[in-house]
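Inspection log for the structure reproduced underneath, given as structure tokens.
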Amino acid sequence: MSGQPMVKAENVHKSFGRLEVLRGIDLEVRQGEVCCVIGPSGSGKSTFLRCINHLEKVNAGRIWVDGDLIGYRERGGKLYELREKDVAAQRRGIGMVFQRFNLFPHMTVLENVMEAPLRVRGESKAEVRERALRLLDRVGLSAKVDTYPGQCSGGQQQRVAIARALAMRPKLMLFDEPTSALDPELVGEVLDVMKDLAAEGMTMIVVTHEIGFAREVGDSLVFMDGGVVVESGGPRDVIANPRHERTRSFLKKVL
Ligand SMILES: Nc1ncnc2c1ncn2[C@@H]1O[C@H](COP(=O)(O)OP(=O)(O)OP(=O)(O)O)[C@@H](O)[C@H]1O
């Protein structure tokens with residue numbers, strides 16, 4: 001395992017107007033680690049994920065992904081914001097899966113997975129197509145490649161969204177409550193795909209309410225509340241022996 005963390009966040013602050021949402025987040029995620037993030041609604045989990053790929057700009061603090069400072073260039077102790085095309089290049093290395101799948105409804109499943117690589121890379125259509133088909137096979141959707149998102153279940157659409165993110169060959173995957181919008185019977189099929197990804201060594205940060213998944217698949221568990229990391233550690237440890245009262249009372253509600 002390399003010495004450099006895949007993700008390093010240092011004293012990250014983010015406010016929306018007067019609302020201070022992140023109040024000094026520190027976090028390190030190693031290469032190949034599955035880091036699960038839990039916490040009450042409004043604690044800043046989504047905002048933190050969005051800061052990692054610069055969908056939100058931090059007000060203070062820094063985030064590095066694979067050694068790259070996200071959104072900024074540092075020179076002479078000062079930070080300069082990167083140009084949009086450089087931010088876009090950084091984002092290509094970071095796959096994100098949202099609660100709502102946001103697929104293009106007028107494109108087939110296969111076209112959805114091919115869209116981004118065709119738009120940004122100099123690969124041939126045949127290469128992109130082959131990779132997209134392989135990824136759709138991997139998420140169990142070979143039979144659905146020529147259908148439209150509207151003809152797929154929520155679980156299938158979310159698996160397409162995962163394949164779409166993987167099509168950019170990310171080094172890091174961010175999941176923002178990927179199963180919260182699904183009917184309960186469809187949750188397992190999405191979690192299984194994520195489990196496989198984890199087993200293949202993908203570095204993942206997963207905001208989730210699925211405590212079972214965090215316990216079983218997570219290498220680390222982070223409990224956020226009020227815009228700070230209240231505690232973190234091995235998932236089984238944090239779940240069985242929370243050190244803080246806030247973690248204890250949150251877990252009591254969700255377990
Ligand atoms: N673009 C925005 N503008 C203003 N307020 C925002 C914005 N994005 C998030 N917020 C506010 O920031 C706070 C934290 O939101 P965030 O979505 O990060 O929390 P969360 O922990 O992910 O919650 P949940 O579990 O409900 O998704 C909330 O009060 C939310 O209303």
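Below, the figures for the structure above:
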| item | result |
| --- | --- |
| Meets criteria (within 16 Å of the ligand (Cβ to nearest atom) and closer than 23 Å to residue 35 by Cβ) for residue 158 | no |
| All positions within the stretch 112-153 that are among the β-branched types (Val, Ile, Thr) and surrounded by 15 or more Cβ atoms within 10 Å (Cβ to Cβ) | 113, 128, 139, 145, 147 |
| Hits in the stretch 70-98 - residues which are free of Cβ contacts under 8 Å to residues at least 40 places away in the same chain, open to solvent by less than 90 Å² (accessible area, probe 1.4 Å) and in contact with a strand residue (DSSP E or B) (Cβ under 7 Å, 6 or more places away or on another chain) | 70, 71, 72, 79, 82, 90 |
| Close pairs (6 angstrom Cβ cut-off, 6 or more residues apart or separate chains): among the basic types (Lys, Arg) in the stretch 5-23, open to solvent by 80 Å² or more (accessible area, probe 1.4 Å) anywhere | 8/28; 14/59 |
| Scope the stretch 99-110; condition in contact with an Asp or Glu (Cβ under 9 Å, 6 or more places away or on another chain) and surrounded by fewer than 19 Cβ atoms within 10 Å (Cβ to Cβ); matching residues | 99, 104, 107, 108 |
| Given (1) acidic (Asp, Glu); (2) more than 26 Å from residue 47 (Cβ to Cβ); (3) over 20 Å from the mean Cα position of the chain (by Cα), index of the condition residue 115 fails | (3) |
| Strands (runs of 3 or more DSSP E) within the stretch 4-102 that include 3 or more residues more than 16 Å from the ligand (Cβ to nearest atom) and touching a Lys or Arg at 6+ places or on another chain (Cβ under 6 Å) | none |
| In the stretch 19-32, the residues that are open to solvent by 10 Å² or more (accessible area, probe 1.4 Å) and not small (Gly, Ala, Ser) | 19, 20, 21, 23, 26, 27, 28, 30, 31 |
| Pair list, Cβ under 9 Å, 6 or more apart: the stretch 130-148 residue over 19 Å from residue 117 (Cβ atoms), other residue among the aromatic types (Phe, Trp, Tyr) and assigned to a helix (DSSP H, G or I) | none |
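The values are calculated or read from the model by the stated rules, or taken from the named source; none is laboratory data. Treat the numbers as computed from the prediction; the structure is a model and nothing was measured. Here the Cβ is made from the backbone with ideal geometry for all residues, glycine too, and neighbour counts use every protein chain on show. Surface areas here come from the heavy atoms of the whole protein model, side chains and all, with no ligands, DNA or RNA. Shrake-Rupley method; radii C 1.70, N 1.55, O 1.52, S 1.80 Å.
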